[in-house]
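Encoded as structure tokens, the structure appears first; notes follow it.
Readers should treat all values here as calculations from the given coordinates under stated rules, not as data from a laboratory. In this text the structure is predicted, and so the values were computed from the model without any measurement. Every residue, glycine as well, gets a Cβ built from its backbone with ideal geometry; the counts of neighbours run over all protein chains shown.
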Amino acid sequence: MESIDVRGYPTILRSDSKEPPTIPSVAPGRTGEAVLDEQAFRVIEVDKLFEAADHATTAIGRAVLYRSLAQPPVDAGLIRAKQEAVRELERNGELRAGLEVLLAEAAKLEGEFYHLLYAQFLGLISSPAHPLEIDGYGYATYIKGTRFMLDLVERANRLPEPDSAYLKTLVQEIRDFARSRAYALMKGPVYRTEKRVCTRAEKGWLTPGIRFRPSLFKPVGLTVTVLLILAALEFLPFALDIAASIAPVFWLFLLPIGFVYVPIVGGMDRDGIIYPLRDVFRRAEEVQATLDRLGQLDELMSFIRFREAFGHFMTLPSILDGERHRMSLRAVRNPVLAKNNPLYVPNDIDLTEHRLTFITGPNSGGKTAFCKTLAQVQILAQAGCYVPAERAELTVADRVFYQVPEISHLADGEGRFGTELKRTKDIFLASTPRSLVIMDELSEGTTNEEKMDISIAILDGFREKGNTTVLITHNHELVDVYQGRQVGQARQVEFRNEQPTYRLVEGVSRVSHADRIAKKIGFSKEDIARYLKGKP
């Protein structure tokens, strides 16, 4: 099987990075420039989705997973390739076991490599005030950090040969790191010449250079020193008399010599070799790419562990082709709320035929949770992950928008209605037939008549564009208009005995449970009258 392009993003670590991989590793894009913009990212609660799905072993794996959720890919071929890689890991126990060992061992030394790249080594007399400030001259960190990369390649070479294109490419690119200059420098020997640090092949036989040994103990230097002392004692008789006279207190001279020797030698190695080497490693695209491939392998394993830990059935969705967004889910649950919750109620939804879907019902019935489920499932699917449903089919969304009522600010100058309408306008202009748009109410902050007129105009506009639009609303009169036109579909949250069942059923809700909720929180009409009489 041919390899596949896995470079869908800039690498997590780049030449200008100042610290190890962190969460958040990336930010959502601007409206219209990425699948998720800042408001959709926040409302959909992608951070919580990440926390639920995160079962990565390495820091780079967590960063890669976060990146896939914050900036979901839109290449259907890449998504299918990731799914096939997950399926192969599920059925190939030997490959999965080998990958688990690789990730577990990588996690042990991963932090040391990041320290090598970004830490400051303070010498022996120091007071670290930051996690990236480390005692010493960096010898131990250099040994462990380079060992991390060398072992990674070695363990990748031991893995059974994958069949899926995505896995094959990830593993091969880690193996290919062995052909890079950075790998040769890590493996050694390394020499410091007058101009640079280099490998033996780069130095040549005639170029003078000092071989780097990551230790304060320098055999050649110490040997030369001893030979010079012996020669002095042999050929300078007076030196024997001096040696004999100071022999009883010779150890007193070692301490000041050590105070001079250690900072000179350690400082020269740190500043002249370790720091220049780590600059080479930080700038090397092969290092950045290899770490990303490790993270992408870890991401695949995180998907599998997420499925195993979820507590309900999960499936890899069928990725459909098409020029318009479609989604069909059977027995779908919320990826965050349903995790390890055996009582969570599943629902079905089909967004393949209708461009408009209305969700109605009283508060606390589960409307918002269900619509967030739709958005979160779309994001998980595009990341290549399992989704919590018995069956799932969907197309790739080029944009996922989620609008909620926003509190206006004095500086806005437009009030609540204008603030929300600006957001709706931005979504409308940025959406395409391949977009998923979810809106929680429309045209709040104006009269009911104006609200109806502008809401109909907006929804007709979205329907004309052809994207999937889902509207959460209490305005059943608005839904009635479209039901009368036989346009769109209407779903309502079910209540029995004034209690929510959290099921979504056909129809339009025309009741409000506002009084029930007011009584629940102690602020009903009767409660207010009681408070006015001074009764608790």
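Remarks
- Maximal additional length on extending the LYS18-PHE428 stretch stands at 143.8 nm, based on 0.36 nm per residue less the C-alpha distance.
- Here the calculated FRET efficiency for ALA76 and ARG391, from their Cβ-Cβ distance with R0 = 22 Å, stands at 0.75, rounded to the nearest 0.05.
- Virtual spin-label span in nm between GLU51 and GLU133, 7 Å along Cα→Cβ: 3.2
- DSSP-defined antiparallel bridges as percent of all bridges, the chain, nearest 5: 45
- Cα-based helix-to-principal-axis angle, 59-70 vs the chain, degrees rounded to 10: 30
- Considering only the stretch 309-532, percent of DSSP beta bridges that pair antiparallel, nearest 5: 40
- Range of Cα positions in the chain per principal axis (Å), largest first: 116, 69, 43
- Modelled label positions at ARG330 and ASP460, each set 7 Å beyond Cα in the direction of Cβ, lie 3.8 nm from each other.
- Taking every C-alpha pair closer than 8 Å and separated by at least 6 residues, the mean separation divided by the residue count of the stretch 11-73 gives a relative contact order of 43 percent.
- Reducing the stretch 182-204 and the stretch 56-115 to their Cα centroids gives an inter-centroid distance of 32 Å.
- Cβ-placed point charges (K, R +1; D, E -1), dipole of the chain about Cα centre in debye, nearest 20: 660
- Contour excess over end-to-end distance, with Cα ends at LYS535 and ALA201 and 0.36 nm allotted per residue: 111.2 nm
- Here the dipole of the stretch 309-532 is about 640 debye; that uses its Cα centre as origin and unit charges on the Cβ of Lys and Arg (positive) and Asp and Glu (negative).
- In this rough spin-label picture, where each label sits 7 Å from Cα along the Cβ direction, the VAL101-ARG510 distance is 6.9 nm.
- With Cα atoms, 0 to 90° folded angle of helix 93-118 axis to the chain main axis: 70
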